[in-house]
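Take a look at the structure set out below.
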Amino acid sequence: MPRGEPRPPSSDPFEHSHLAARELARRTGSDHHDVVVVLGSGLSGAARLLGADGPTLDLSTLPGFPRFTGLGHRAAAWSLPIGPRRVLVTAGRAHLYEGVTEHQSAHALRTAIAGGCHTVVLTCAAGAIRPDLALGSIVAISDHLNLTGRSPLTGVHPGERAGTPFVDLVDAWSPRLRALAGAAAARPGAGGRPEGQAPLPEGVYAQLPGPHFETPAEIRMLRTLGADLVGMSAATEAIAARHLGAEVLGLAVVTNAAAGVGPGHVSSDQIVDVAAESAPTLAALVRALLESLGD
């Protein structure tokens, strides 16, 4: 390339994430974060309860970030001390149904991991396929069905600096973190739970592409496949995080009965409202979990 000509923009999504991580460090004044907590639909109120009362970082102004247009999601983040950890909390995510690429949907997580986050806590709103999962309850994701037909590892080639795309997902959702979260949920003050329900039930999460909700027939299919919960995020994010070696915990807030499981229809307004009501319980659990990581 002749001297003086501008360098063409890189198409490497991992280079984009490292550029964004450097800018994140500059803006937050912290060159290292230990944990990233992604707040799902309607759950952004948990950020304040986790201590986010300072300046808000607009993620859309960082390199490579798409706009966040999903209902109940904001491109906002905070850098917080929680227990012995420095935690990056985001008030939303970019979904595949917004028209972004697989790499754009994974960019926030890749940026956080490039900035030092080796623990990832993914929260989301979810519809309950299993009838014993009450509205407002929190469920630890034990496994997933990625039914989007898409992967954040598309186009990643073996031998590149990002490593092999052929990632083992046997323990995609960390058994260690699920055990710690279960113990945290059982502690006094870690948040209420529906009467008669385990402190932190576990379930299999099915991700569909959305943005439309599922039909009753599709829910019957998902039940046959072994799904307990359904939503439009989290599974592909977990794949991206595991590819980079991060340990992943998923916490799904049950915001509605899936189509045909309960009476009535599925409403996006109801989902956001129930999630907002559940934010204090979620925040208490996440705080108790993060404080236990230093034990």
* With Kirkwood radius over Cα pairs in Å in mind, check [x] 20.2; [y] 19.2; [z] 20.8 and report the label derived from this structure. => [y]
* Provide the percentage of antiparallel DSSP beta bridges, counting only those with both residues in the chain; round to the nearest 5. => 30
* To do: Report the relative contact order of the chain, percent, no decimals, based on alpha-carbon pairs under 8 angstrom and at least 6 residues apart.
  => 26
* Sum -39500 (n - 2.57) across every DSSP H segment of at least 4 residues in the chain, then divide by the residue count to get the 222 nm mean residue ellipticity, nearest 500. => -9500 deg cm²/dmol
* Rounded if a/c under 1.5, otherwise prolate or oblate - the range 172-294, Cα gyration tensor axes -> oblate
* Portion, in percent, of the accessible area of the chain that falls on carbon or sulfur, probe 1.4 Å -> 53
* Distances over 13 Å make up what percent of all Cα-Cα pairs in the range 210-264? -> 67
* To do: Compute the Cα gyration tensor for the range 54-144, then decide on rounded, prolate or oblate, letting a ≥ b ≥ c be the square roots of its eigenvalues: rounded whenever a/c is under 1.5, prolate when a/b is larger than b/c in the other cases, and oblate in all that remain.
  => oblate
* Relative contact order of the range 33-166: what whole-number percent is it, with Cα pairs under 8 angstrom and at least 6 residues apart? -> 29
* Fluctuation leader among 60, 174, 44 - the chain, Gaussian network, Cα springs under 10 angstrom -> 60
* How many Å² of accessible area per residue for the range 46-91, probe 1.4 Å? -> 45
* Structure fact -> Checked the range 8-163 against the a/c 1.5 cut and the a/b vs b/c comparison, axes a ≥ b ≥ c from its Cα gyration tensor; verdict oblate
* Equivalent-ellipsoid semi-axes of the range 5-91, from the Cα gyration tensor, Å, largest first -> 25, 17, 10
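The values are calculated or read from the model by the stated rules, or taken from the named source; none is laboratory data. This is a predicted model, so every value here is computed, not measured. We work out accessible area using only protein heavy atoms, side chains counted, and drop any ligands, DNA or RNA first. Shrake-Rupley method; radii C 1.70, N 1.55, O 1.52, S 1.80 Å.
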